[in-house]
Amino acid sequence: MTSVNLPEDCSKQWEILLLLLSSEEKKIDRTSENEIDTMSYFSNNEAVRKIMLQWLQQMKSSYSKKINEFDTALKCDDVSLLWRQRGNDNFRANLVEESYRCYSKSVVYAKHNGPMYPLALANRSASLLRLKRFKECLVDISMAIESGYPAEQQHKLLLRRVDCYIELGQRSSARSALTAATQYASTLNLSAASALEFERHVKIFEKKLENPMCAELEDDEIELPELLRGSNADFNAASSGIELRRSETAGRYVVANQSARRGDVLFSEEPYAWVTLPSDEPSCEMCCQPDINLVPCSRCSRSVYCGAQCRARGALAFHRWECVGSQSALFPTIGIAHLALRVLLLSASQGFPLVPQKSLKPNTASELFKCYSDVDDIQIYKADSPAFYRMFNLVTNFDKMNNNDYIQYALTATMLTIYLEHFTTFFEYLPSKVPYTLSGEELRLFAAAIILRSLGQLVCNGHATLSLATVEEDDARNGCTVTEREVRRATAIYPSAAMMNHSCEPNIINTFYKNRLIVRCANELSAGGEVYNCYGPHRAREPATRRRAQLRAQYMFNCTCTACRDNDRKDFVLLFSAYVCQSCKCPVLVSGKRARCQQCSSNFQLDRALAIIDRADDFALQAERTTNLEEKCEKMLASYKLKQQVWHRHHSSLRAAADRLARIYADLGEFGRSVELIKQNIQSLEYQFGSFSVEVAHELRKLSDVMLERIFKLPGHPDYRYWCLEAHKIMNKAVQLMELNYGKWEVLVKRLKEQEVFLASLLAECRTPDTTDCVHNNLHYNLKI
């Protein structure tokens, strides 16, 4: 291999190694080979194997250790103690959220069977109690006691358990817990002061138990939406309202066999395989539940779960083979290849199925691969067919792939096979999971080929799982602001949903509950109509030429969907970055340094427009720097008016400017002006993304927030009831769209529903006998969403 200086950080060496090794191997076109032939070559290439093994050893020695005083890949009680002390400092300062985060880190880093683990759990339970997260507090209390929390201090935890049950409205459980705490305390030799303190708390709880208690909090169990017309026995995880077909031109595709309405559920599918993505707010490795009270792996500090049950399931299914790789920072380094490894591990965990040809007894990797491929690719989607067949027979596009890319995938599969061979006992376990007798060498070849095949399948079939997250952002104008945004939690593979073909204007909406994909109709679907997903580039976000280029690069097909064939609207998205003609107010699309209005043929003075934008940006900068709200508003309004002179009314940056101005108006208490600007943005977003889009949903939520603030701050205003009616209707629509786009289980949707109920109660309070609902009719022009 050509001599080259590699970066000191071995994680940054990976891409360079792939480039160097693939350049050495690219002379032979291997895209016509099958996976077995390719992996047989690389498995026997000792030079490649030696380089890969050395790199893996270097990754392990560099990362599978204590990184610094605050971080360690392995367990370390010193690091745990440091974070627990930080948590104590924050807790005493009443910074409860921050104390919770510190205690969670202490839990992650503590040795599982050491003294720090139960102490960290107990401390975290105190923060959870203050945060009113009572069910999670109860779990931490139980885990702390089970993990060996000091016996002489357990009575405090038992009292905390009583407190949780009382707050949850569970009187019977609270009484039992109080009795247990009292009996336990009687076995201890408490000091006089400790005994008095204990008795004081007991009396407080006894008094609370005598008084009326709040209603018991509802269970958190989520009722998932049902599939349209029930489950389809011939199409796993699909509705009976759709079916899978095959044609010579389109391959496999999905059609509706009867009409469906907006919101109807077409798929409800758990993934075949998944991996969570690196994040400051990690999700459960097993179920992808976000916002978890994390429980770590008992051996490493890099894998976390939502509870002990998921941890045990994850360890059994995949993490026992991945733990060393997690410690060694292997998986963040290799990206989607982690999911390809997970496909192999989960397939092995479930057990590879018998081949369809019952009379055959394959005894080589090549024969086994051929038998698994020789299936009816429609029949394997029956609900009673092994899931492995559906995964194995997804397309790879290797025959259309660039040879260099294919070689890099093969090199990655080689590295992961070496990882399993040298750093785990996976190949001692694998023979029991393959129903045929293969030699050790053939089993290693079979595993390597599965990883390679999965890499090709995931590139063109992988799916990002999304959810809403509440994040804090530093805002130069408003300080620290809290907002919600979509975040990618995981990457997963859904074999049934993968059967949908692409359209740049899809007719479905993807929502996620944990790692389950729930596919809904985005609009009315007639019988016989094809069900389309969007693989990435959407007609509302990219022009046709760019969309087609992206699809060719990743999915290797030329898109001929309706949106791409529509010459009148192929560059529809460019409207939202267009200037405005000074003569006829139509959009002007700038190409190079010259521009002309296509409607009235007037020349557009680009230099003048750019100068106006510069002036507008100066005003906006002045607005950001001033702390005086009136002056801030004056400057931002001046900036907005200048931008209106230059940009078309649907320009996305003009919407952003209107949004900033609306925030300032709301801060000043000029709610009417704020509301009008947001409504204006809603109209523009509807035009770009559609009336039922997630973009419109978020803008409606923003509008409802401003309306609510107006109601709270001006309760005696003559238009108070009118405002309540308007806000209630907007809130109702926001809830509908958020449920459609995210699901009713999202925390934000639940909060919106609570606000909707609160508004309904305000309306009931201010209703008078002579009040009519004619106001609703007056609002129609504003609320026709």
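The values are calculated or read from the model by the stated rules, or taken from the named source; none is laboratory data. What you are looking at is a predicted structure, and each value in this text was computed from that prediction instead of being measured. When we count neighbours, we look across all protein chains shown, and the Cβ atoms used for this are built from the backbone with ideal geometry, even at glycine. These accessible areas exclude ligands, DNA and RNA; they are computed on the full protein's heavy atoms, side chains included. Shrake-Rupley method; radii C 1.70, N 1.55, O 1.52, S 1.80 Å.
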Value of [θ]222 nm, deg cm²/dmol, for the chain, DSSP H segments ≥ 4, -39500 (n - 2.57) each, nearest 500: -16500 deg cm²/dmol
Simple label model, 7 Å out from Cα along Cβ direction - R171 to E524, nm: 5.4
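Quick one: net charge around F235, please, counting Lys, Arg +1 and Asp, Glu -1 for every other residue with C-beta under 9 Å from its C-beta.
-1
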In nm, spacing of pseudo-spin labels at N45 and R262 (7 Å Cα→C-beta vector): 5.4
Convex hull volume of segment 124-247 per residue (C-alpha atoms, cubic angstrom): 180
With every protein chain in place, the chain: carbon and sulfur % of accessible area (1.4 Å): 48
In nm, spacing of pseudo-spin labels at D37 and D78 (7 Å Cα→C-beta vector): 5.6
Whole-number accessible area per residue in Å² for the chain, which is evaluated in the context of all protein chains at 1.4 Å: 47
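If you take the beta carbon distance between Y722 and M556 as r and set R0 to 51 Å, what does 1/(1 + (r/R0)^6) give as a FRET efficiency, to the nearest 0.05?
0.35
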Span from the segment 663-703 Cα centroid across to the segment 581-654 one, whole angstrom: 20
Rounded if a/c under 1.5, otherwise prolate or oblate - the chain, Cα gyration tensor axes: oblate
Added length on full extension, which subtracts the Cα-Cα distance from 0.36 nm per residue, V255 to F758: 176.9 nm
At R0 = 35 Å, FRET efficiency that the Cβ-Cβ distance of S231 and D405 yields, to 0.05: 0.35
Under 28 Å from the Cα of K361 - lysines, other chains or at least 8 residues apart: K370, K382, K433
Cα shape, segment 199-340, gyration tensor, a/c 1.5 rule: oblate
Where Rh is the Kirkwood radius over Cα pairs, Rg/Rh for segment 694-742: 1.05
Cut-off 11 Å (backbone N to label point 7 Å along Cα→Cβ of N363), residues of segment 17-60: none
Nearest-0.05 FRET efficiency for S279 and F70, computed from C-beta distance (R0 25 Å): 0.90
Most to least packed among 573-580, 735-742, 182-189 [average Cβ atoms within 10 Å]: 735-742, 573-580, 182-189
Mean Cβ count within 10 Å, highest first, over the residues of peptides 602-614, 443-455: 443-455, 602-614
Gain upon complete extension [N94, L589; 0.36 nm per residue less C-alpha separation]: 172.7 nm
Peptides ranked, highest mean first, by Cβ atoms within 10 Å: ranges 625-637, 169-181: 169-181, 625-637
Lysines with Cα under 24 Å of K733, excluding same-chain neighbours fewer than 8 positions away: K679, K702, K713, K744, K750, K753, K784
Added length on full extension, which subtracts the Cα-Cα distance from 0.36 nm per residue, A308 to S247: 17.3 nm
